[in-house]
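The values are calculated or read from the model by the stated rules, or taken from the named source; none is laboratory data. On a predicted model such as this, the values are computed, not experimentally measured, just so you know. We place every Cβ from the backbone using ideal geometry, glycine too, and count neighbours over all the protein chains shown. Calculation scope for accessible area: heavy atoms of the full protein, side chains included, ligands and nucleic acids excluded. Shrake-Rupley method; radii C 1.70, N 1.55, O 1.52, S 1.80 Å.
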Amino acid sequence: MALPSYASPLEKLWHYTYLAICALIFLFLIAPILIVIPLSFNAEPYFTFTQKMLALDPTGYSLRWYDLLLTNGMSAPDGVRNSGWWADAWANSAWIRAAKNSLIIGIFSTLVATVLGTIAALGLARPEMPYRRAVMAVLISPMIVPIIITATGLFFFYSNPCATLDWAVGNVGCKPMTGTYIGVILAHATLGIPFVIITVTATLIGFDRSLSRAAASLGASPATSFFKITLPLILPGVVSGALFAFVTSFDEVVVVLFVAAHDQQTIPRQMWNGIRESISPAILSVATILVIVSVGLLAMVEILRRRSEKLRGVSPG
């Protein structure tokens, strides 16, 4: 924002001081993320800048750690890179296996969180809903409760869910859910549902309910009214919540350590194991890829936010 021409010297001094403070805060927040990117191209197995890197010598930079993401775990990493080599990498590379697990768990947990979170937000937005604030607080509690407590609770519940379900509905004969993909997916969905509820609820604030009443007066069923009128108008909020839920699942490691089996390695868990067992700059390569993916998702969320505000007749900020 430009200063007005009549600003006093003291106001100009505070204006530029304020901009400098904002720049320092921004640098403090973004520097730990940005410093990872050049270090991931380090030709040496160090987590520090070498003399060649500081001198911008091309020999100081390498893609060896990105290549290691493909070859780590392969049966023949030094072979000719033909279709057989890529098939070996797809089947045996530890990082590719972790990426596949993260995508499978992330996609399905996002679907569950989006459906349940949207239904909850629609219910909470109805004026006749009793105890809305209390129910809202309970539903978004996974965002507030420390993740280690949530993970511990999920572990004990999934270890013996029959103890709870039998008490509630009788002898159902269920099996433990720890070490299963369903258990991990539901655990991640639990963490993602609050994000969907908050984004969809924010979108519903500007929703004109007279449109639904008009559809009902014209004979539309509740399902037709929802899919033809309500869902298109709140879709930006639903998609934004889904993206947040996916990022939450993709970045989660504590719950995976408690609930998942040993062979259900996700990318964060693989990074955790790499830090504990053998520190390698390959972790920085994965972090760089995740930063790029996160920036892309955040850009998509911002585009959806602007579209949602335009649909509600609000000027995008």
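One table, with the values for the structure above:
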item	result
Asn42 long-range amide H proximity, modeled H, under 5 Å	Ser62
Residue with peak Gaussian network fluctuation, the chain [Cα springs, cutoff 10 Å], from Trp85, Trp272, Trp95	Trp85
Sequence-separation-based contact order of the stretch 9-106, relative, with Cα cut under 8 Å and 6+ spacing, percent	16
Charge dipole (the stretch 193-317, unit charges on Cβ, about Cα centre) - positive-most of Leu243, Val255, Ala223	Ala223
Cα-only Debye scattering, the stretch 180-251: base-10 log of I(q)/I(0) at q = 0.13, 0.15, 0.21 Å⁻¹	-0.49, -0.60, -0.86
Length-normalised contact order of the chain in % [C-alpha pairs under 8 Å, at least 6 apart]	23
Heavy-atom accessible area order for Asp88, Asp78, Asp251, largest first, 1.4 Å probe	Asp78, Asp251, Asp88
Integer Hz, Karplus 6.51/-1.76/1.60 couplings in order for the stretch 138-145, x for Gly and Pro	5, 5, 9, 4, x, 7, 9, 5
Alpha-carbon spread of the chain, three principal axes, descending order, Å	77, 72, 39
Average accessible surface area per residue within the stretch 183-317, 1.4 Å rolling probe, Å²	49
Highest-fluctuation residue, Leu103, Leu186, Leu19 considered, GNM on the chain with Cα pairs under 10 Å	Leu19
Candidate lysines for bridging to Lys100, where Cα separation is under 27 Å - those fewer than 8 sequence places away on the same chain excluded	Lys175
Most mobile listed residue (Leu13, Leu304, Leu231) in the chain, GNM with C-alpha springs under 10 Å	Leu13
